[in-house]
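Remarks on the structure that follows.
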Amino acid sequence: MRNNYYMFFIQKQPERHWPEGGKNINWRKKMRQLLCVLCLGMCLFMAGTAYAGYEMPGASSLPAAPAVLMPDPSGTNTGGVADVIGATANAPTKQDMIRMAKAEPLAVKLADVIGHNRIAINFMWTLLCGFLVMFMQAGFALAETGFTQAKNAGHTMAMNMMVYGIGMLGYWICGFAIQMGGVGNIAALGSGTGLLNGEFAIHLFGRDFGLFGTNGFFLSGNTYDVSIFSLFLFQMVFMDTTATIPTGSMAERWTFKSFVIYGFFIAMFVYPLYGNWVWGGGWLSQLGTNFGLGHGTLDFAGSSVVHMTGGVAALVGAMILGPRLGKFDKDGKPRAIPGHHIPMAITGCFILAFGWFGFNAGSTLAGGDLRIGIIATNTMLASASGALFAMFYMWIFYGKPDVSMAANGLLAGLVAITAPCAYVNSVAAVGIGAIAGVLLCVSVFLVERVLKIDDPVGAISVHGVNGAWGLLSLGLFADGTYGDGINGVSGTVRGLFYGNTSQFIAQVVGIVTNFVFVFVVMYVFFTLLDKVVPLRVSREVEISGLDQSEIAVSAYPEFNIRPAYLEER
């Protein structure tokens, strides 16, 4: 009996799980490939180790860090007297603290504890919100898989799983440094962030234009600090959201090899560069100080930095890949290819909505910033109105309240409110979400019927179109109750409807910049990559499903459904 089981296992198991039944494997070739991977990992390790203590040279638009500012990897020296009221113009100087220590040593010790605890609270808030955003990856995986076909469920899940690890390591290598290496001191997280003081800038028209950061490669050297590591975690999970968006629009026909290369590229270069321009002290954030355009391009939690970047990349990828087999008939009319598991997709959307509270409210980086109550409520209201108005649109124009479109409307409302959530009131939040829900429906049919682009999950419309709408809505509805001093501009943030045209113009500049930059870079990248590593699987693989051929695992090995129209020539 035991021998029979053993013979069954070694004869049947490879045929069930591995391509080509495990036969005719060129083991020498496989060993060479494994050796190359190990060598690459060793090179990365050695590079990171060698980088410790080295600072990349670059022109800086920020003053050099004071000589007394040193990295604090243990956290014992982070937070103190100067952080009781934050790093402001009224914060006590070193001389003030010396005089206080001589006169009232007990008061100074108490203030030191209070300052340390203030920063500790902000650390806890930022990290917990980062953990929530990380859990959104599960939401993306479930939503995208549920909206696609059963024969590709394992492959879609695998992309959502591995983009997390791929993106994280790419961001650790250089993405974080490029994005945040010149951001300077972030008072909410303590003085350690002041070590991120290297912004490469060009001088034009008598002004500095920041392009990318130069400190923080491999999180080594003088960036080995508790404040910087906490900031890295929070920023990394945001980047990973961007990286996973194209896995939906390019699903069911994308080769896994090219996906892996894409994951490193967007995490290391594309996302960090635009992120630097808006969040890292780059030129878009300085449109206010340089040209008087409001507070510069503002994006509180990432409608453009995260979502529009991912949406434009998804648009380019879907264009170059082409539609799935059978998506359009001989006359060019689109066919519906239903998702295989709507309950799974809806569950994923709810997980995303839950994580979004960390996404938006966490972007204060400060648990003591009580605006988080407004931000969280605006986020919730916009998601509700997005879902409701998407449902109404489908019900009125197509006769049925399409639940899948309502679920995407929920996400569209969340994407749109992500930029203005801190700057608008509740009425504006509901209106922004409602417009997002309608925009989603209109965009989905425009992309499919007019542009003839196949987007299985609606990622282009949810993230790209509504990412742009979110940035624009901030320039319209910001009511002037928040944002004093942001990006070095005095006064609160006001939009067009509250008398500030210049802020609206700054938002338009940000939208145009994002679309042109991401579209051009990703078009060139995908085109060149396709010459080296084909982006699309073969016809045979697409018909049978990508699970076994691409990742050697079937999500549902018990059945294999093949629609009749796939046999058409």
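Some points to look at:
- Added length on full extension, which subtracts the Cα-Cα distance from 0.36 nm per residue, Val508 to Tyr556: 12.7 nm
- Length-normalised contact order for region 114-567 - Cα pairs under 8 Å, 6+ apart - percent: 22 percent
- Residues Val403 and Phe229, FRET efficiency given R0 of 51 Å [Cβ-Cβ distance, rounded to 0.05]: 0.75
- Residue separation of Leu204 and Val532 scaled by 0.36 nm, minus their Cα-Cα distance, works out to 114.3 nm of gained length.
- By definition, a body whose alpha carbon gyration tensor gives a ≥ b ≥ c is oblate when a/c is 1.5 or more and a/b is not larger than b/c, and region 390-541 fits this oblate description.
- Counted residue by residue at 0.36 nm each, then reduced by the alpha carbon distance between them, the extension gain from Leu370 to Ile121 reaches 88.4 nm.
- Computed from the C-beta positions of Trp395 and Met70 and an R0 of 60 Å, the FRET efficiency is 0.45 to the nearest 0.05.
- For region 114-567, a Kirkwood hydrodynamic radius built from all Cα pairs, placed in the Stokes-Einstein relation at 10 °C and 1.306 mPa s, yields a translational diffusion coefficient of 72 µm²/s.
- Inter-site label distance for Leu446 and Phe269 at 7 Å from Cα along Cβ, in nm: 3.0 nm
- Packing-based exposure ordering (other Cβ within 10 Å, fewest first) of Thr289, Thr76: Thr76, Thr289
- Among 441-447, 177-183, 383-389, sorting by the average number of other beta carbon atoms lying within 10 angstrom of each residue, highest first, gives 177-183, 383-389, 441-447.
- Amide H within-cut-off set for Phe200, under 5 Å, with H built and near neighbours excluded: Leu211, Phe212, Gly213, Thr214
Values in this text are rule-based calculations from the coordinates and carry no lab data. These numbers were taken from a predicted model, which means no experiment stands behind them. Methodologically, a virtual Cβ is constructed for each residue, glycine included, from the backbone with ideal geometry; neighbour enumeration extends over all protein chains shown.
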